[in-house]
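The values are calculated or read from the model by the stated rules, or taken from the named source; none is laboratory data. Being a predicted model, the structure only gives us computed values, none of them experimental. A quick note on method: Cβ atoms are made from the backbone with ideal geometry, for glycine too, and the neighbour counts reach across all protein chains shown. Heads up: the accessible areas ignore ligands, DNA and RNA and are worked out on the full protein's heavy atoms, side chains in. Shrake-Rupley method; radii C 1.70, N 1.55, O 1.52, S 1.80 Å.
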Amino acid sequence: MPGWDYALALDRGRATPLFLQLAQALAEDVRRGRLKPGERLPGTRRLAATLGLNRNTVLAAYAELQAQGWTLGDPARGTFVSPSLPEAGPKRSAAVGRRGRVPTHTAYDLPPLPPLQADPRPPPGVLVFGSGVPDLRLVPVAALARAYRRGLVRRTRALLDYSDAQGLPRLRAAIASMLAATRGLAASADDVLVTRGSQMALSLAARALVQPGDAVAVETLGYRPAWDAFRVAGAEIVPLALDAEGAQVEALLEISRRHRLRAVYLTPHHQYPTMVTLAPGRRMRLLELARARRFAVVEDDYDHEFHYEGRPVLPLASVDRSGAVIYVGTLSKVLAPGLRLGYVVAPEPVLARMTALRGLTDSQGDLPLESAVAELIEDGELQRHVRRARRIYDQRRHALLAALDRRFGPRLRVRPPAGGVAVWAEAVPPVDVEAWARRALAEGVSFQPGRRFALDGRPRPFLRLGYACLDEAEIEEAVRRLARSRP
């Protein structure tokens, strides 16, 4: 606890001497894990000043603790919690967990929560075909750091004070300009909400839209964290089938008749995880149905920047005239997931509700970071980074496709994606992809099996191979390990 004042409550009205109260309190803090074996206790002068005690009282308490075996004294270094404690096991309170930190149970009942899954992190040294993580080695760190420092130096008070929950106006204006140029959205700064990543945006959209009993239609293969956000908000998740042209949107008509359909969640540009682009006719039909049946379309355009063949398809939001679409984007795939920057463009009533909800959860974002990224956009630095990353990722896409063809041939059916940062591959003949993933991890390579993306949780003979975070030599080695581990 270096540098912090140590807080304790002592009762000066009790008959027990203060030195003994202090010794008992510190011993109890050791028992319950607040003070850990080997940890240094506060200096006697500092603790006396913090608690308003005479230093001799603290010295007497420390002597008592040492006599009982709770601490060890070193005249040169201070007083430390003993590594072997008296009564450490049997006297520990039953309400305290095995690590002695907080209770393992509650005194009240908790409401039900849908099962939430988090992907385990592979151990060090494993080559990871990440689901969509960019290569952090490409991030323009120096330019970002310079912009961050300039913002703090020049606008210290503005960036360190409370601000608007909707996000820094400068970044909202920069994002609106980017969306107008690259996505065809006629958005202004007032139409943009900045969030901490797209997951916050999806969670806010779910809370703004859904009441318990509402239905949200999602693609049968898709992004589980988004489904969880809608489930937690009270939605019933309804499957929407997929084929080679994307989501079968005509089925939404029947779904809306059988359910109180509040929204449909889609990834139409590069369908997650299959990378299929929603067909033009289905895109227009989706907007017609949304207008006629009065449901929202939550469009997650998570990797729009990375399209390699032909021109990227403009978002549904660019042609929406009825106010059906809530458009969600992210800068995490462009820069880095750790920077946590996403955004939403939505009709004013929805955006106002999402902004209010955001203010309850997180009153504002990281203003110095938002200022720095706005500067990168204004100066063209982000645009240059995107063009460079797009070129490199396209080379890696070709390298992965070539390596898969050499190592697997017809045993792995791959439809080359026109964009994105991952490949969706089918094992032929079908194999136990879950077992393959376990064997692959033992060989030092990690990938995501198709089951992880399935709404029904059933196995699928597919695997998703994200290639952005691996260079070409790493891709070659990862595919070699993948082939060696195939059942």
Cα gyration tensor, segment 211-257 - rounded (a/c under 1.5), prolate or oblate: oblate
Please quote Rg/Rh for the chain to two decimal places, taking the Kirkwood radius as Rh and restricting both calculations to Cα atoms. 1.07
Once you place label points 7 Å from the Cα toward the Cβ at residue 28 and residue 285, how far apart are they in nm? 6.9 nm
Report the gain in length on full extension from residue 164 to residue 36: 0.36 nm times residue separation, minus Cα-Cα distance, nm rounded to one decimal. 41.9 nm
Describe numerically, in nm with one decimal, the distance between label points set 7 Å from Cα along Cα→Cβ at residue 293 and at residue 476. 5.1 nm
How much accessible area per residue does segment 131-215 have, in Å², with a 1.4 Å probe? 47 Å²
Divide, for segment 389-487, the radius of gyration over alpha carbons by 2.2 N^0.38 Å, where N is the residue count. 1.01
Between residue 379 and residue 6, what is the label-to-label distance in nm when each label sits 7 Å out along the Cα-to-Cβ direction? 4.7 nm
Pop out the ³J(HN,Hα) list for segment 264-277 in order, Karplus 6.51 cos²θ - 1.76 cosθ + 1.60 with θ = phi - 60°, rounded to Hz; leave Gly and Pro as x. 10, 9, 9, 10, x, 6, 10, 3, 9, x, 7, 6, 6, 9
Net length gained if the chain between residue 363 and residue 405 were fully extended (0.36 nm per residue, minus Cα distance): 10.1 nm
Per-residue [θ]222 nm for the chain (sum of -39500 (n - 2.57) over DSSP H runs n ≥ 4, rounded to 500): -12500 deg cm²/dmol
Label point 7 Å out from residue 68 along Cα-to-Cβ: which residues of segment 1-20 have amide N under 12 Å? 19-20
Please give the Cα centre distance for segment 219-246 versus segment 308-386, rounded to the nearest Å. 22 Å
Sorted largest first, the Cα spans of segment 262-304 on the principal axes come out in Å as 28, 20, 15
How many angstrom separate the Cα center of segment 28-67 from the Cα center of segment 425-486? 54 Å
C-alpha long axis of helix 169-182 to longest principal axis of the chain, angle in °: 20 degrees
How would segment 307-398 be classified by its alpha-carbon gyration tensor: rounded, prolate or oblate, with rounded meaning a/c under 1.5 and the a/b versus b/c comparison settling the rest? oblate
Please identify every one of the trypsin sites (Lys or Arg not before Pro) in segment 321-390 that sits in a loop by DSSP and has no more than 10 other beta carbons within 10 Å of its own beta carbon. 321
Need one word for segment 1-77: rounded, prolate or oblate. Basis is the Cα gyration tensor (sqrt eigenvalues a ≥ b ≥ c); a/c below 1.5 gives rounded, then a/b vs b/c decides. rounded
Charged-residue dipole, Cβ positions (Lys, Arg, Asp, Glu), the chain about Cα centre, Debye nearest 20: 760 debye
Report the gain in length on full extension from residue 241 to residue 387: 0.36 nm times residue separation, minus Cα-Cα distance, nm rounded to one decimal. 49.1 nm
Over segment 328-399, what percent of the accessible surface lies on carbon and sulfur atoms, probe 1.4 Å? 53 percent
Can you work out the FRET efficiency for the pair residue 415 and residue 394, with r the C-beta to C-beta distance and R0 = 22 Å, to the nearest 0.05? 0.85
Using the Cα centre of segment 336-478 as origin and beta-carbon charges of +1 (Lys, Arg) and -1 (Asp, Glu), tell me which of 450, 383, 354 is placed farthest towards the positive end of the dipole. 450
